[in-house]
Amino acid sequence: MTQILCLNGGSSSLKFGAYDIGEESRDVSCTMTRCAPFATDALATFDGILAALQRGPGDDVVAVGHRIVFGGPRYALPIRANVRVLSDLEDLVDIEPLHLRAELNLVYAAARRLPEVPQVLCFDTGFHRRAPAIARRLPLPQGLDPLLERYGFHGLSYEYVSSQLGDAPGATVIAHLGSGASLCALRDGIPVETTMGFSALGGLMMGTRPGDLDPGILLRLLSDGCDLARLTAMLYRESGLLGVSGTSGDMKDLLKKEASDPAASQAVELFVYQLIKHIGAMVAVLGGLQTLVFTGGIGERAPEIRARACASFEYLGLQLDEAANRQNAPVISNPQSLIVAMVVPTDENLMIARHTLAVLAEDSPARRVPILGSDQLSPS
């Protein structure tokens, strides 16, 4: 059976899986998924993936699909990796250092181990390119770097979750809550607003990232002698739940300590407050709310957080089914609720596999350009 390998590098872990290509190459089916720490040695990481999936180099692997967190204004649709595309993405690493450097290194590692196997890049920012132009505009002077606009992230997750909603009513907010967290407002399945903007730092408070900050705070930190490297580390790896609690960026840990640790309690309270505030903004943009969906690690497995968030929208007619919520049921609102509240487990790897299959179907040998020489791992 021919297979597609999918690599999904997040901010705290690497999810990978193997997908069999079905009859007539119309769809894929998952045969194995695993999760591992995102190691710094990309080649060793990729070797470990092959070992975990019990694959030898090239054994029935027809393609490798990658989640690429940031594609900038140029790349939205999934595309076959080649030298030109990867060179363009290298120029964007400083914008999204938490993910993009490691993700590109995995592309180079796969090229070294499987030099003849095509690789397909699937962009998290692509989903939000359909949002209105005004929602992507930043209130900055004209003539600045054209890269400076709002992009949005978690697009592969939103794409999958929205595909699972079927005939869900038009005004929908999806809350992707994990170590990275964001919201997306959709009208009839089309994205109209999201909380993350130019980078994956903005919007909601996250595991180690602060979410929205007054720019004056950054100016103050710089004036106090905080250099760019220190500021980058603080914003990407030391803030959010970890920064407020002082102990952990993991919501599961903080909920366990909430009753006995005031700092942990404050971190959870601030996360919920920020979540409610930003859901309210999404509702205002949509002009109402008919469906609220929770996904991601926290969204799927933290009923306490869902309950606290939903309680603030009782004035809109949202009524939670407490038993269903405790069980992480697909529908957690009661039948009388004017808003349908749902839990939909996300599957970014499946979206990567499907996009990879589609690109392969459109590809032709004449269009294929090698990624790198097999002896090259990374340009950095």
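The values are calculated or read from the model by the stated rules, or taken from the named source; none is laboratory data. All of these numbers come straight from a predicted model, not from anything done at the bench. Backbone-built Cβ (ideal geometry, glycine too); neighbour counts: all protein chains shown.
Remarks
- Matching residues in the stretch 87-103 - criterion: being modelled with pLDDT of 95 or more and buried (at least 22 other Cβ atoms within 10 Å of the Cβ): L89
- Considering (1) in contact (Cβ under 8 Å) with a residue 12 or more places away in the chain; (2) among the acidic types (D, E); (3) surrounded by fewer than 16 Cβ atoms within 10 Å (Cβ to Cβ), the lone condition that E193 does not fulfil carries the number (3).
- Residue in the stretch 144-157 that is buried (at least 17 other Cβ atoms within 10 Å of the Cβ), touching a helix residue (DSSP H, G or I) at 6+ places or on another chain (Cβ under 7 Å), in the same structural domain as G280 (by TED's automatic domain parsing) and not in a helix (DSSP H, G or I) present: no
- Candidates A309, A267, A233, A284, filtered to the one that is in contact (Cβ under 8 Å) with a residue 40 or more places away in the chain, in the same structural domain as G211 (by TED's automatic domain parsing), in a helix (DSSP H, G or I) and under 28 Å from G155 (Cα atoms): A309
- Filter result for L219 (assigned by TED's automatic domain parsing to the domain that holds G296, more than 25 Å from L7 (Cβ to Cβ), part of a helix (DSSP H, G or I) and not β-branched (V, I, T)): yes
- Residues of the stretch 25-67 classified as surrounded by fewer than 18 Cβ atoms within 10 Å (Cβ to Cβ), modelled with pLDDT of 85 or more and either β-branched (V, I, T) or at positive phi (or both), total: 1
- Test: residue in the stretch 107-126 that is over 24 Å from A36 (Cα atoms) and crowded, with 17+ Cβ neighbours inside 10 Å: yes
- Positions within the stretch 75-96 being in contact with a Phe, Trp or Tyr (Cβ under 9 Å, 6 or more places away or on another chain), without any contact (Cβ under 8 Å) to a residue 60 or more places away in the chain and in a helix (DSSP H, G or I), in sequence order: V85, D88, L89
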